[in-house]
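Okay, structure first, notes after.
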Amino acid sequence: METTYLAHQTAVIDPGCEIGLETRIWHFSHIMSGCTIGEHCSIGQNVVISPEVRIGNHVKIQNNVSVYTGVICEDDVFLGPSVVFTNVINPRSAIARKNEYLPTLVRKGATIGANATIVCGITIGRFAFIGAGAVVTKSIPEYALVVGNPARQTGWMSEFGHKLKFSPEGIAICPESQEKYRLENGNVSKIND
């Protein structure tokens, strides 16, 4: 059977994985059994993707990232260097808690910055932006910008990754794409003309 993805010779890919067209897997990464990785993804050096993890299309995972069982990343997600996901709230070495894994969902287009830690059992909204080093302990709304430990919201981001500045009427324009956004009742949505 012909391989449709590229894997460095030092990468370990366990049997039973599904890896999409033109995905690239770099040095010393381990793709464990039963996971699904979409098309046109980039899996950096020294990445671990645990069993049953689901990764969408066009996802970029930078070096030294740990993606543990229970995580789902939708399309166009960016995971910065050394991002860590958890999957158990109260881990103990001597106590098996595999039946207590909590799911974590990273929605389409979200960015998680370098060295961020994502505590399990939450959802990171579409196009949310998690700052470098943040410790995320609760679900994050769509388009939200969060930073710090624990992560706190400091603003809103466009789909192109620019901080949005809202007018008194609750309208913002992305300086790069010129797309318009509306802030209403504490939520942001893109205005489709």
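The values are calculated or read from the model by the stated rules, or taken from the named source; none is laboratory data. These numbers were taken from a predicted model, which means no experiment stands behind them. So basically every Cβ, Gly included, is an ideal-geometry build from the backbone, and we count neighbours across all protein chains shown.
Taking the criterion of being within 21 Å of L102 (Cβ to Cβ) and surrounded by 20 or more Cβ atoms within 10 Å (Cβ to Cβ), the residues of segment 33-54 that qualify are C35, I49, S50, V53. Would it be correct to say that V88 is touching a helix residue (DSSP H, G or I) at 6+ places or on another chain (Cβ under 7 Å) and not small (G, A, S)? Yes: the conditions hold for V88.
Can you find even one residue in segment 153-160 that is farther than 18 Å from E74 by Cα, under 14 Å from the mean Cα position of the chain (by Cα), assigned by TED's automatic domain parsing to the domain that holds F85 and free of Cβ contacts under 8 Å to residues at least 24 places away in the same chain? Looking through segment 153-160, none of the residues is farther than 18 Å from E74 by Cα, under 14 Å from the mean Cα position of the chain (by Cα), assigned by TED's automatic domain parsing to the domain that holds F85 and free of Cβ contacts under 8 Å to residues at least 24 places away in the same chain. You will find that of Q153, Q178, the residue that is on the phi > 0 side of the Ramachandran plot and at pLDDT 95 or above is Q178 and no other.
Look at segment 138-149: where a residue is at pLDDT 95 or above and a partner is among the basic types (K, R) and part of a loop (DSSP other than H, G, I, E, B), sitting 6+ places away or on another chain with Cβ atoms under 6 Å, you get E142/R126. A count restricted to segment 98-119 and to residues that are farther than 24 Å from S42 by Cβ, surrounded by 18 or more Cβ atoms within 10 Å (Cβ to Cβ) and modelled with pLDDT of 95 or more stands at 1.
Look at I95 and say whether it is over 29 Å from K190 (Cβ atoms), over 10 Å from the mean Cα position of the chain (by Cα) and either of a type in the set (A, V, I, L, M, F, W, C) or at pLDDT 95 or above (or both). Show your work before the answer.
Details: over 29 Å from K190 (Cβ atoms): yes; over 10 Å from the mean Cα position of the chain (by Cα): yes; either of a type in the set (A, V, I, L, M, F, W, C) or at pLDDT 95 or above (or both): yes.
Judged against the criteria, I95 is a match.
Can you tell me which residues in segment 78-135 are in contact with an Asp or Glu (Cβ under 9 Å, 6 or more places away or on another chain) and charged (D, E, K, R)? Correct list: R107, K108, R126.
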